[in-house]
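Please read the structure below before turning to the comments.
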Amino acid sequence: MEGPRVGLVCSTSRQGSTSMKLLRCYEQILHQRHGVFSEVLDLAQLPVDFLMAVLYQPTKASHPEWQQWQEKVDSLDVLVFVIPEYNGSYPGILKAFVDALAYPRSLYNKKTAMIGLSDGTQGAALAMAHFADVLNYAGSVTLPLRPRLIQINRYMEGDQLTHEPYLRLLEQHADSLMALVR
Ligand SMILES: Cc1cc2nc3c(=O)[nH]c(=O)nc-3n(C[C@H](O)[C@H](O)[C@H](O)COP(=O)(O)O)c2cc1C
């Protein structure tokens, strides 16, 4: 039987984000522990005219690049959102992305999960609570386990997460995710 189709969403469009580095680390963990190859959805790669030609536009379904994003979301069984804390919440681009997805089919009954990170001491706890409300409203089934990786940049060495306790948290999350989707 085919494994679950997993999408990893980098929930910021900030170039060089730590979110993207963590996402790559989590991608490796999923592969090494569960043999899963994930799809990466990097919000930094949204169409350059996303705000003017996609978001809230009735013609968005015929935007070729956006069509590929929508098709990708439709094809996945589970989406894992790696969420940085921005001004005490989640990045605006993430809400814009969800607003642009076809409603209600895109997230309804879709399994989702979150991993939060911040420079400060919240680890995006509030950000994930805010986004959980959005996911629940959209009818998604969300994994309750939500790692909060506080002061994340103290624990990165270049592109790598080297802090063992955080690595264990991500492994535990990956295991719980697979238990939810398998
Ligand atoms: C616009 C913006 C707002 C931020 N707001 C917060 C915040 O409210 N609390 C916090 O702990 N860190 C905040 N940070 C720092 C991020 O948590 C930090 O950059 C971390 O590496 C995750 O974000 P990144 O994936 O963009 O790197 C903010 C960063 C940006 C770019």
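Only the coordinates and a few stated rules stand behind these numbers; no lab work does. Here the structure is a predicted model, which is why all the values come from computation and not from measurement. For neighbour counting, all protein chains shown are included, and Cβ atoms are generated from backbone atoms with ideal geometry for every residue, glycine included.
Using the 10 angstrom Cβ neighbour count as an exposure proxy, how do Cys25, Cys10 rank, fewest first?
Listed from fewest to most nearby Cβ atoms, that is Cys25, Cys10.
If you rank Met156, Met20 by fewest surrounding Cβ atoms within 10 Å, what's the result?
Final ranking by Cβ density, sparse to dense: Met156, Met20.
Between the DSSP loop rule and a limit of at most 15 other Cβ atoms within 10 Å, which chymotrypsin sites (Phe, Trp or Tyr not before Pro) in segment 18-53 are left?
Phe37
Working from the pairwise distances between different alpha carbons, so that the mean of 1/r is found and then inverted, what is segment 122-182's Kirkwood radius in Å?
It is 13.1 Å.
Taking the Cα centre of the chain as origin and charging only Cβ (+1 Lys, Arg; -1 Asp, Glu), how large is the dipole, in debye to the nearest 20?
Here the size comes out at about 280 debye.
Mind giving me the FRET efficiency for Leu167 and Tyr56? R0 is 35 Å, r the Cβ-Cβ distance, nearest 0.05 is fine.
After rounding, the FRET efficiency stands at 0.30.
Estimate the FRET efficiency between Asn136 and Asp159 by the formula 1/(1 + (r/R0)^6), using the beta-carbon distance for r and 35 Å for R0, to the nearest 0.05.
Once rounded, the FRET efficiency stands at 0.60.
If you build a Gaussian network model of the chain, linking Cα atoms that sit under 10 Å apart, which residue out of Ala100, Ala125, Ala113 swings the most?
Looking only at Ala100, Ala125, Ala113, the largest GNM fluctuation is found for Ala100.
Largest first and to the nearest Å, give the Cα extent of the chain along each principal axis.
Its Cα atoms span 47, 42, 28 Å along the three principal axes.
Distance in nm between label sites at Lys95 and Ala179, each 7 Å beyond Cα in the beta-carbon direction?
Going from the Lys95 label point to the Ala179 one covers 3.4 nm.
Too long at a 21 Å Cα-Cα cut-off: which of Lys21/Lys111; Lys60/Lys111; Lys21/Lys60; Lys72/Lys110?
With Cα atoms farther than 21 Å apart: Lys21/Lys111; Lys60/Lys111; Lys21/Lys60.
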